[in-house]
1. If you count, for each residue, the other Cβ atoms within 10 Å and average over each peptide, how do 435-444, 69-78, 347-356 line up from highest to lowest?
2. Once the other residues with Cβ under 15 Å from the Cβ of Ala451 are scored (Lys, Arg +1; Asp, Glu -1), what is the net sum?
3. Report, in listed order, any pair from Lys334/Lys385; Lys120/Lys356; Lys120/Lys228 with a Cα-Cα distance greater than 30 Å.
4. Packing-wise, with mean Cβ within 10 Å as the measure, how do 150-160, 323-333 rank, highest first?
5. Describe numerically, in nm with one decimal, the distance between label points set 7 Å from Cα along Cα→Cβ at Gln381 and at Arg361.
6. Please work out the FRET efficiency for the pair Lys145 and Glu420, using the Cβ-Cβ distance as r and a Förster radius of 22 Å; give the result to the nearest 0.05.
7. Order the peptides 108-115, 164-171 from the highest to the lowest mean number of other Cβ atoms within 10 Å of their residues.
8. In region 267-380, with Lys and Arg counted as +1 and Asp and Glu as -1 at Cβ, which of these residues, Ala305, His322, Gln279, has the Cα nearest the positive end of the dipole, that is, farthest along it?
Amino acid sequence: MAADQDDTNQERGSAVKSNTGSSSWRKVSLEAGTGVEVCRTDGDDNMETDRRLPSQSKPHQISRPAKAGAVRTVCVVGGGPSGLACCRALCDNGLEVTLVQESRGLGGKLCTKFAGKGGKEDPSLHFDMGVQLLRPAGAFAEAVKGAVAPWPMPGRFKKICCSGDWQRWQINSTADLPTDGYVVGTPSMSSIGRHLAAQCKDLVLHVDRTAHVLGKNPRTGQWQVEWKREAANGGQLKYRPELADVPTEVGRGFFDAVVLAFEANKIMRGCKSGYKMVQASATPELKRRIGGKTKTSQMWNLMVAFDSELSMPWDAACIEGHPSISWVAVDSSKPERAKVPQCFMVFSTQAWADWKQWGKREVERDLLHEFLGFLQQLLGQKPPKPSFVLAGRWGNNTETVLTGDKPTGEFPMRALGHHEGQAEAVWDAGGRMGATGDWTRGFSASDAYSAGLEIADSVMAEAEH
C-alpha cells in the first residue's frame, strides 16, 4: 500500500490475464465508483464473475461461521507483492480469501502513474513512481514470468560519479553497470500486480478501499473487518479530484484470521492521511514483535517530460556523489512504453529529502533546477523547457528490517537484492493475526513476495489444526 498508482484494471469491463496461459482471460466487472465488486476466478479458461454488490442503504456483509476453530476464511489487507503472495498460497490451499487494497491498482511499490488528462487511457505520460527495475529472485522469479521484459539493455545502464556540494558540483566519471537479470513490468510496472492477482483462484477483491479491523466477535472469535473510502484532504483532491465523490457504500466481513500486508509503521501507528486514514490494528503480540525493529524513510521523486526527444547516452543511471540526485531513468525507453513525450523519473538523495520539510511546489522548482543542470552537464547543451513536471513523495523507503540485513546504496538500487534463506514470520497464533512485507526480510519485491509466502505458511498451520 505504497504510492497510489493510476494504472489499474479494476474498472467495469476491463480484462485481467489468468494464470492458465497467455490466451486465457477473465472479466473483472466492478460497479463504477464503488470498488466493492466481488471478483472470482475458477482457475481455468472458463472464468466467472460473482457479483455481490451492496445496496445503497445497508453495509455489504460477508458472514461465514467458524468451522471447529480452524482457519478457513482470511482477510488480507494490502495488495503489494507480499499480500498477493499470501493470497496465492492461501487460495492454492483452498481457503476463502478476501483482499482489500487501499489504492486503485495492485502491486504496492510496483506502481506506474499515468499522468495524462485521460488517465490510464492516455499512456503518453507514464512514470514508475516506486520500484524502478527488478532482479526477480526466489519464488517471485517464477511468479512474474510473462509480465516482465529485460531493461535496461547492455551498455545503457550507467554509474555516474560526481563530486562537489550543493553550490557547485561536477561529473567525474561514467561506467557501465551489468544488466543481466534486470527486468521491468510490461506494459507497466502495475501490470505485475494484476498478473499476480490473476494467479489467485477464487480471490475476492475490493480495490480503492481502506480496511478497518474493528475487533473480534466475542461469540465466534472471528475478526470483523470493514472497508470503505474516507474523505480526501485538500492535497489529495488536487491530484485525484475524483475523490471528492465519496461513495456511501461500506463493506464488512467476518474472518477467522487477518493478515496486514503493508508498511510496518502504518501497522503500528495507523495513518492520518485523508482517504487513507486508518487506526492502528496490530495485536499486542504483533506490536511486541515489530516495535522499534523496522524503519522507513521518505524521499522525493520528480516526474519530468519533454515534447522533443533528447539524445540520451543511457536509459538509466545510478548517481553517486551528487548532492541532490541519486537516480535518473528514461521511462520512455522501457519496453512497450510511449516514446514521446520523453518521460524521465528522478529520485532525490536521502540527504536532500531530509534537509528540510519540502513542499511539492518547492520540489518541482528546486529539484527540477538540479535535474536540468545535470542534463546540461551531461549533454553539453541547455535542455529544452519541460512540458510536464510533477513531484511525488515516496514514503516507503525501507531502512531497517527484522532479519538485520543492511541496505546497499540509495533507493532504488537497494531494492534489487534478496535475503537468502527463511525469515521468521510475524504471526500471532493466539490472536490469529499476522503482518508481512519486505521489512520482515529485506528491501526488494522478491523479499516481499517471499515474506508473503512465509506468513501464509503460518496461517496454513492454523488451518490444519
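The numbers here are math on the coordinates, done by the rules we state, and not lab data. The structure presented is a predicted model; accordingly, all values stated were derived computationally and were not measured. When we count neighbours, we look across all protein chains shown, and the Cβ atoms used for this are built from the backbone with ideal geometry, even at glycine.
1. Values: 435-444: 29.5, 69-78: 23.3, 347-356: 18.5.
Order by mean packing, descending: 435-444, 69-78, 347-356.
2. On the way: positive: Arg88, Lys109, Arg289, Lys293, Arg441; negative: Glu263, Asp405, Glu420, Glu424, Asp438, Asp447, Glu454, Asp457.
Taking every other residue near Ala451 into account, the sum is -3.
3. Exceeds cut-off: Lys120/Lys356.
4. 323-333, 150-160
5. Placing both labels 7 Å beyond Cα along the Cβ direction yields 3.4 nm.
6. Numbers: r = 21 Å, r/R0 = 0.94.
After rounding, the FRET efficiency stands at 0.60.
7. Working: 108-115: 27.6, 164-171: 11.5.
Averaged packing, sorted descending, gives the order 108-115, 164-171.
8. Gln279
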